[in-house]
Structure formats: structure tokens, C-alpha cells
1. Return the residues of the range 20-32 that are over 16 Å from the mean Cα position of the chain (by Cα) and under 18 Å from His69 (Cβ atoms); say none if nothing qualifies.
2. Could you pull out every one of the helices (runs of 4 or more DSSP H) wholly within the range 10-112 that has 3 or more residues that are touching a Lys or Arg at 6+ places or on another chain (Cβ under 7 Å) and either surrounded by 17 or more Cβ atoms within 10 Å (Cβ to Cβ) or hydrophobic (A, V, I, L, M, F, W, C) (or both)?
Amino acid sequence: MKPEYPLSKHESFISNLDRLRETSSAAADAFRALRVAQDAHGPLEPGQRELSLLVGFAVTRNEGGFRVHCNRARDAGVPVEAIEQAVILMLGTSLGLVPVVEALSWAHDELR
């Protein structure tokens with residue numbers, strides 16, 4: 001099953017969902033269905049949802065998820081500056097300097 005959105009600019013990128021699918025396609029399909037239901041619930045616009053997800057991925061230092069959702073945020077019309085701000089807002093609240101700079105580098109690598 002090919003994703004409907006870009007995962008990363010990197011040709012060798014394998015998503016966590018693809019890795020799960022290697023072990024259990026049923027679990028991967030169920031997870032994807034959960035994500036579709038979450039996206040459909042509530043009034044948040046796609047860009048707002050993507051920024052929320054980016055913050056979560058930055059806080060958990062999930063590079064793969066962060067990269068995937070950087071591309072989805074861009075495709076939803078979120079400017080790079082808004083992605084940068086969402087990450088920088090985590091500095092001193094949920095993240096220290098190193099993980100913030102790390103997430104910013106992932107964003108810049110994907111979007112510039």
C-alpha cells in the first residue's frame with residue numbers, strides 16, 4: 001500500500017507504519033484507520049493538526065514521524081516559519097536546547 005503523502009525527501013526513508021506492516025499488516029491497517037478517525041474528529045484544520053503532531057513528535061524525539069508530518073504540514077499550507085515557531089515554543093517547556101535544535105534541523109532538511 002503506497003502512502004498518499006510524501007514521507008520524506010530521503011529515498012531510503014521507511015516509515016514506522018511500514019516497519020509495523022512488515023510484522024503485522026492488520027495492526028498497521030488498524031493504526032492507519034485510527035489516524036483517519038482522529039483527523040476526522042473535531043474542528044481543527046489540517047495545518048493545525050499537523051502542527052500539533054509535529055510538537056508531539058519533537059517532544060518524543062521521533063525523527064521519522066516529525067519528518068513525515070513536516071511534509072504534510074507544508075502540503076497543508078503551513079509556512080516553514082510556523083513550523084519553526086511550534087518547535088521553538090517547546091524550548092524550556094517540554095524540551096531543552098539540543099532536542100529543539102535537532103527538530104529544527106529535521107524541519108530544515110525536509111523543507112528547504
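The values are calculated or read from the model by the stated rules, or taken from the named source; none is laboratory data. Only a predicted model underlies this, so the values are computations on that prediction, with no experimental measurement involved. Cβ atoms come from the backbone with ideal geometry, glycine included; neighbour counts cover every protein chain shown.
1. Matches in the range 20-32: Leu20, Ala28.
2. Passing ranges, in order: 97-111.
So that you can scan it fast, the table gives a plain yes or no per residue for (1) more than 19 Å from Asn16 (Cα to Cα); (2) at pLDDT below 95:
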position: Leu53; (1), (2): no, no
position: Glu63; (1), (2): no, yes
position: Arg67; (1), (2): no, yes
position: Gln85; (1), (2): yes, no
position: Ser105; (1), (2): yes, no
